[in-house]
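The values are calculated or read from the model by the stated rules, or taken from the named source; none is laboratory data. A quick note: this is a predicted structure, and the numbers were derived from the prediction, not measured. Virtual Cβ from ideal backbone geometry, glycine too; neighbours counted across all protein chains shown. Each accessible area value is taken on the protein alone, full model and side chains, heavy atoms only, with ligands, DNA and RNA left out. Shrake-Rupley method; radii C 1.70, N 1.55, O 1.52, S 1.80 Å.
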Amino acid sequence: MSVSLARAHGAPCPTAVLDGRDFPESEPELLRALADLRADLSGQGAGDVLKNAIVRPSRHPLFDLDYRFVQSLPQSHDSFDLRGSCGHSILAAVEAAARTGMIQPLVPGCRVRVNVLNNGDNVVCETEETSDGGTRFTAHFLCSPPLRLPELLMTGEPVTQVPFEGRVVPVSLVSMGNPYAFVDASELGVSGPGTLFADDPRLFTAMTRLRVAVCESQGWDTFGAFPKIAALLPQEGGGLFVRAVSVPSWHPTVALTGAICLGAAAGIAGSVPWSLAGRAAQDPDALLPVRTPGGCVRVAARSTQGPDGVRRLDWVSVAEKQVEYRGLLPRPRTTAPQTASVAGRRTPVLATSDHASEETPWVPLTA
């Protein structure tokens, strides 16, 4: 079984990139296999790896890779969330797939097309620059066909009033890349970026409780990582300060899918990101500067106005995302649970064969 580690700069932890041809596709068997793998990784000193990317050469003719994300939760080795995706892990998966021969090597200008099985996203990872230790990418999240911007609103409204500890807090619930709850940080007593970026456990607890309140107000399951939550403040001259919660602590920057979702939300009139970013007086397709505790990113979004007067989102992109490849891990020692019997012998969930380049189509990547 092939297990690679790669980490996108700004991600809270590395991603374990797994060859999907070695894993069962049924959810119960997959989760049992991941639980065994996670226990083994912890024994190898990789217990901080809470992101899993399961990839294989795509079965779809328009894509290079099929990708499935599984978030490991801190409660126990068999606790997972399969409902969302992770943009940083998509880039890590592309890096590892190229390094291990699943797809052809990356060169500047090539594009790897990723089919996200979790939510149907179409992601193009464009190589900017390569080196021995990693790759710099631009990630493009495509909408085909273009999406009416109001359809990204999970409640159908730019702002949803959420009951929270004896008052009502306006929150924008937007789903693009991943579902997010965006809140004006001043609603949580934050006076400026210094306070927003401080390691304040009271703010972390308030944001965590508000995420639970959002779920309860909508009748959603409070377990797991989604929707994620991010607090925002305006930058002078346009743009946003952003503080986001990850699993199980502060995000060091902002998730790639969070930046993508934020870029889309900033184009929706009346939403919290739109109001704070000052988009009322700006070009809706202007670059959105986003400053986080760990640095800055710029998000580009392209939308067009349809004949019905409603803007439709074509794509959202984030550039200059660096990924570091950390190599293959030793073959895990743990044997997966036994689930089937053939001629009196029980067979393991995980195959033991290696796939260095088996089934690799070597279809030229679009450049």
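Please give the net charge around Ala92, taking every other residue with its beta carbon less than 12 angstrom from that of Ala92, where Lys and Arg add +1 and Asp and Glu add -1.
Working: positive: Arg7, Lys51, Arg99, Lys321, Arg326; negative: Glu95, Glu324.
Once all neighbours under 12 Å are counted, the net charge is +3.
For Glu236 and Ser26, calculate 0.36 nm times their separation in residues minus their Cα-Cα distance, and state this gained length in nm to one decimal.
Working: separation 210, 0.36 × 210 = 75.60 nm, distance 4.98 nm.
Length gained between Glu236 and Ser26: 70.6 nm.
What is the percent of Cα-Cα separations in region 135-222 that go past 23 Å?
On the way: 1399 of 3828 pairs.
When all Cα pairs of region 135-222 are counted, 37 percent exceed 23 Å.
When 1/r is averaged over all different Cα pairs and the result inverted, which Kirkwood radius in Å belongs to region 196-305? List each step's numbers first, then the result.
Numbers: mean 1/r = 0.0685 Å⁻¹.
It is 14.6 Å.
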For Asp199 and Leu147 in the same chain, what is the full-extension length gain: residue separation times 0.36 nm, less their Cα-Cα distance, in nm? 15.0 nm
Rounded to the nearest whole Å², what accessible area per residue is found for region 5-63 with the 1.4 Å probe? 35 Å²
Report, in cubic angstrom per residue, the convex hull volume of the C-alpha atoms of region 4-134. 109 Å³
Can you give the longest stretch of the chain with no exposed loop site, where a site means trypsin sites (Lys or Arg not before Pro) in a DSSP loop (not H, G, I, E or B) with at most 14 other C-beta atoms within 10 Å? 60-332
Candidates Gly194, Gly166, Gly237, ranked by Gaussian network fluctuation over the chain, Cα under 10 Å, top entry: Gly166
Which of Gln75, Gln104, Gln235 fluctuates most in a GNM of the chain (C-alpha springs under 10 Å)? That residue is Gln75
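Hey, any idea what % of the chain's accessible area is carbon plus sulfur with a 1.4 Å probe? Walk me through the numbers before you get to the answer.
Working: 7880 of 15110 Å².
In the chain, the share of accessible area belonging to carbon and sulfur is 52 percent.
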So what is the calculated 222 nm ellipticity per residue for the chain, using -39500 (n - 2.57) for each DSSP H run with n of 4 or more, over all residues, to the nearest 500 deg cm²/dmol? -6000 deg cm²/dmol
Tell me the net charge near Pro170. Cut-off is 12 Å between Cβ atoms, Pro170 excluded, with +1 for each Lys or Arg and -1 for each Asp or Glu. -2
What is the magnitude of the charge dipole of the chain about its Cα centre, with +1 placed on the Cβ of each Lys and Arg, -1 on the Cβ of each Asp and Glu, and no other charges, expressed in debye to the nearest 20? 180 debye
Counted charge near Thr15, where neighbours are those whose Cβ lies closer than 14 Å (Asp, Glu -1; Lys, Arg +1): +3
Inter-probe distance in nm under a simple model that places probes 7 Å from Cα toward Cβ, at Asp314 and Val107: 2.8 nm
Which longest uninterrupted range of the chain lacks any GluC sites (Glu not before Pro) assigned by DSSP to a loop state (not H, G, I, E or B) and surrounded by at most 11 other Cβ atoms within 10 Å? 26-164
Between Asp132 and Gln218, take the C-beta separation as r, use R0 = 41 Å, and let me know the FRET efficiency to the nearest 0.05. 0.30
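Taking region 57-147, how much of its Cα-Cα pair set, in percent, is spaced more than 21 angstrom apart? If you can, show how the numbers build up before the last one.
Details: 1388 of 4095 pairs.
Counting pairs separated by more than 21 Å, the tail of P(r) holds 34 percent.
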